[in-house]
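One structure is given below, encoded as structure tokens.
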Amino acid sequence: MYTENTNCLSRISVAKEQNNLIQKLNTNKNSWGLMIALSILLLWGISTFICLSGNLDLMHPWRLLMLILLQTFLNTGLFITAHDGMHGLIYPFNRSINDFIGAMAVNLYGLFSYEELTKRHFLHHLHPATNLDPDYHDHDHDSFIRWYREFMTNYMSYQQLLKLLLLVTTMIYLAQVSWLNLLLCWALPLILSSLQLFTFGTFFPHRKLGEYLPSMSQIQSLNFSRFWSFIACYNFSYHWEHHQYPNLPWWQLSPMKIYLYE
């Protein structure tokens, strides 16, 4: 009896400490979330302009590779920013501003519907690794390629493809962007970014761990350092922490990871 009471008090103490940490982390998130989101949008805009207007024929191959990787990383940043917007974390003080920036980010990323993605994402949080989860895949055939193909098919629509085709046509014939710039600095980084998001935000965290486990038990975090977690996918390798504490923005998942496990 004494042991049970001690364990109960210990769990309550840990829960209080976690809540205190979350409140401490959230103290300045109104301003910081907005500044970080706007910084990502600004950096993406500058990088995209340089990529699409530069003369790639004169660029050293290594420099071009670094530019493509940077553009890929910033594309991923756009989607992560939109994701934080879905949780109301960009600017919680004003939901209209929060959703405006989130919608802008996901439209710049790939002309996605912010409202539709928000609905799907909350289904994912409510029913992870179940048939009600839009990111769910038949885990009896959970090969990377098959799952990625199904993942993209679920989120891409014919209407979106038509919009992308119109955007490409506009960039080529009206903005006079070359095919080489468009392929290497827009299309390729977009594809690589989708692979990055899928790999570290869906495939590794939600792979099947065992039979008959509760949905939250199927979610796993990756054992990356703070630096590599940021590089891999803006801390989304801390995926269990995100599902457990969805009120924390991506840039505050790392302190929670350290508190829980170190």
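The values are calculated or read from the model by the stated rules, or taken from the named source; none is laboratory data. Remember, it's a predicted structure, so these values are computed and weren't measured experimentally. Heads up, the Cβs are rebuilt from the backbone with ideal geometry, glycines too, and the neighbour counts pull from every protein chain shown.
Details
- In segment 24-45, the residues that are within 18 Å of residue 87 (Cβ to Cβ), modelled with pLDDT under 90 and in a helix (DSSP H, G or I): 25, 29, 30, 31
- Those residues of segment 82-126 which are of a type in the set (Ser, Thr, Tyr), part of a helix (DSSP H, G or I) and more than 13 Å from the chain's Cα centre (by Cα), in sequence order: 96, 114
- Qualifying positions in segment 46-67 - in contact (Cβ under 8 Å) with a residue 12 or more places away in the chain, part of a helix (DSSP H, G or I) and either surrounded by fewer than 16 Cβ atoms within 10 Å (Cβ to Cβ) or not β-branched (Val, Ile, Thr) (or both): 47, 50, 51, 52, 53, 56, 57, 64, 67
- Answer from 158, 148 - the residue that is surrounded by fewer than 14 Cβ atoms within 10 Å (Cβ to Cβ), on the phi < 0 side of the Ramachandran plot and not charged (D, E, K, R): 158
Here is a yes/no grid of residues against (1) surrounded by fewer than 15 Cβ atoms within 10 Å (Cβ to Cβ); (2) modelled with pLDDT of 90 or more; (3) within 26 Å of residue 245 (Cα to Cα):
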residue	(1), (2), (3)
110	no, yes, no
121	no, yes, yes
135	no, no, yes
162	yes, yes, no
165	yes, yes, no
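- Qualifying residue in segment 205-215 (condition: buried (at least 20 other Cβ atoms within 10 Å of the Cβ), modelled with pLDDT under 90 and either over 14 Å from the mean Cα position of the chain (by Cα) or outside any helix (DSSP H, G or I) (or both)): yes
- Output for segment 85-102, where each listed residue is of a type in the set (A, V, I, L, M) and under 18 Å from residue 39 (Cβ atoms): 89, 90, 97, 101
- In segment 180-204, residue modelled with the highest pLDDT [restricted to those that are of a type in the set (Val, Ile, Thr) and either assigned to a loop (DSSP other than H, G, I, E, B) or touching a helix residue (DSSP H, G or I) at 6+ places or on another chain (Cβ under 8 Å) (or both)]: 199
- Filter pass, residue 177 being part of a loop (DSSP other than H, G, I, E, B) and modelled with pLDDT of 90 or more: yes
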